[in-house]
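Novice: The structure's right below; bear with me while I get my questions together.
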């Protein structure tokens, strides 16, 4: 693993970017000194990034390409931390398929809704440990989740996605969570915690070498109301709004329309929906396809010779059709006797 000291004078324009539940990225430029100079790093080469000797990130090189600026060439280098593999890898459900809800068996919830409620803390633990099991995280990477055990989410909200996508869906259900990688020990530790329980940190503009401070309240990200519009056919509609009594006809409202399964008459078109329903109580339908088996000897000869042409060359070959299912025949016989009737020919 190569170690990169960001205070090295050979590096230019070093920058650091990070978002919650998103891989950290460190970028810099390195001057190309001759035309035939090979790339200083290979794709996915392990690297440790340090600042004044302290490790701030471990990860892999994801970009190392030449770029021209002004009158010189330089290598443009991006290194992402250990969470990067979670961005491009699908998170399969417990059965190994890519359909349905994820991790419905994670403990959580109580009462009649318990099977559909899953623990956010338990699901975070399972997803991260599953990623480590399949080699997306190093075997020595620690995992620590300090999220309230009372926090839950509907299992149908966790449709299959990449590992990082599922983690961000859990973040959307509990926006106060914070995920970061702790490099202070001998091996990295992925930590997830509720922001409300984390200690406050004071940054000194001069002591912490802050070059810019940008504090901008985002009132535009706070919706005045959220609502669910339930539709059952073109005429029936019901809305559930929070805060109660608020109007959804305001700027910036977040609204989802759901069509209740099985309630739309055949003569009506299904009402448009901004999102697919997040639950469904319909029974599964199974479609079985197959060949119609022959019932007579002539049909049977043609059917079998079509499947196995060599059978046509068998001298004296005889073919029989498919007999009626024995259990079905017996069931029909019992039904006739119970009603005191007879089937023709019996």
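The values are calculated or read from the model by the stated rules, or taken from the named source; none is laboratory data. The model shown is predicted, which means the values in this text are computed figures rather than measured ones. Cβ placement follows ideal geometry from the backbone for every residue including glycine, while neighbour counts extend to all protein chains displayed.
Novice: Of all residues in the stretch 175-232, count the ones that are in contact with a strand residue (DSSP E or B) (Cβ under 9 Å, 6 or more places away or on another chain) and either surrounded by 10 or more Cβ atoms within 10 Å (Cβ to Cβ) or more than 30 Å from residue 1 (Cβ to Cβ) (or both).
Specialist: Qualifying residue count, the stretch 175-232: 28.
Novice: Moving on to the next point. Are there strands (runs of 3 or more DSSP E) fully within the stretch 143-242 with at least 1 residues that are modelled with pLDDT under 90? List them.
Specialist: Strands (runs of 3 or more DSSP E) meeting the threshold: 152-154, 226-232, 236-242.
Novice: Look through 317, 321, 245, 252 and report the one residue that is in a loop (DSSP other than H, G, I, E, B), at pLDDT 80 or above and touching a helix residue (DSSP H, G or I) at 6+ places or on another chain (Cβ under 8 Å).
Specialist: 252
Novice: Quick one: would you say residue 11 is farther than 29 Å from residue 178 by Cα and exposed (fewer than 14 other Cβ atoms within 10 Å of the Cβ)?
Specialist: In short, no.
Novice: Hey, residue 44 hits all of (1) free of Cβ contacts under 8 Å to residues at least 24 places away in the same chain; (2) touching a strand residue (DSSP E or B) at 6+ places or on another chain (Cβ under 9 Å); (3) at negative phi but one; which does it fall short on?
Specialist: Among (1) free of Cβ contacts under 8 Å to residues at least 24 places away in the same chain; (2) touching a strand residue (DSSP E or B) at 6+ places or on another chain (Cβ under 9 Å); (3) at negative phi, residue 44 violates only (3).
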